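Every read-out reported here was derived from the displayed coordinates using simple, explicitly stated rules and does not represent laboratory data. This is a predicted model, so every value here is computed, not measured. Here Cβ is always computed from backbone atoms with ideal geometry, including for glycine, and neighbour counts include all displayed protein chains.
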Amino acid sequence: MSTKPVNVEDYRTLAQRRLPKIIFDYLEGGADDEIGMKHNREVFDRYRLMPRRLVDVSKRDTGIELFGRHQAAAFIIGPTGLNAALWPKGDILLARAAEKAGIPFVLSTASNASIEQVAAASKGDLWFQLYIVQRKLAEQMVRRADAAGYSTLVLTTDVGVNGNRERDLRNNFGLPMRYTPRLIYDGVTHPRWSLGFMLDGMTTSVCRCAIRPG
């Protein structure tokens, strides 16, 4: 791609070029035959904009009130795990982008940056997404998020068991990452990603750092 990206598909193409296959498949993949992902896209594609004609648009306001708080638009940056594997300091950069846009950012339980690190880096509206794997650990994380100033708890209830992510199984993707010859070759052929990973992500991209303090 020689021109500046202008839509989501353009950014997807850039991501596919930049990331090793094992990382891109983690980003894009879903469970089993990925029928649920296809269904979600088909449902989304059915939405249509309903234009209104001959109305005053000299002053426009996309803001909404949600949970008693104002946000600039009806959008939220949802929780995604292992963002530092995709881009150095991914969680922190997303939180700052959300703050700049005036919308909430939801930190994943499987984040690379800790609860406290993200709170220190952004003054925006921070939410915390929780997987309950161990009740005591979950309680500790909720208390830490509350102490760090997170406004909203997002409880994930649809993961009774981990999804059967076939792409990850084929790529032997797991934590900690296993440095096989195939993975090393994948990294060598994607030097920009590898350099960023070594300089910033090597210590964080291999573990779920939201679960540890500081």
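General observations
- For region 89-156, the alpha-carbon radius of gyration amounts to 1.02 times the rule-of-thumb value 2.2 N^0.38 Å expected for a compact globular protein.
- Local electrostatic count at S122 - Lys and Arg +1, Asp and Glu -1, tallied over other residues with Cβ under 10 Å: 0
- Radius of gyration and maximum dimension Dmax of the chain, Cα, Å: 19.1, 63
- Charge tally around T13: other residues with Cβ under 13 Å, Lys/Arg +1 each, Asp/Glu -1 each, net +1.
- Cross-link reach list, lysines versus K100, counting only Cα pairs under 30 Å and skipping chain neighbours closer than eight places: K4, K59, K89, K123
- Across region 97-192, the relative contact order, built from alpha-carbon pairs under 8 Å that are at least six residues apart, equals 23 percent.
- D (Stokes-Einstein, µm²/s), Kirkwood Cα radius, region 152-202, 0.692 mPa s at 37 °C: 241
- Under 17 Å from the Cα of K21 - lysines, other chains or at least 8 residues apart: none
- Compactness check for region 1-127: Cα Rg over 2.2 N^0.38 Å is 1.26.
- HN-Hα J in Hz across region 175-186 - Karplus 6.51, -1.76, 1.60, θ = phi - 60°, x for Gly and Pro: 10, x, 5, 9, 7, 7, x, 5, 5, 4, 4, 4
- One Cα centroid belongs to region 106-127, the other to region 26-82; the line between them spans 21 Å.
- Separation of the T157 and R170 label points, Cα + 7 Å toward Cβ, nm: 3.5
- Note on the chain: with a GNM built from Cα contacts shorter than 10 Å, the maximum mean-square fluctuation among K123, K59, K89 falls on K59.
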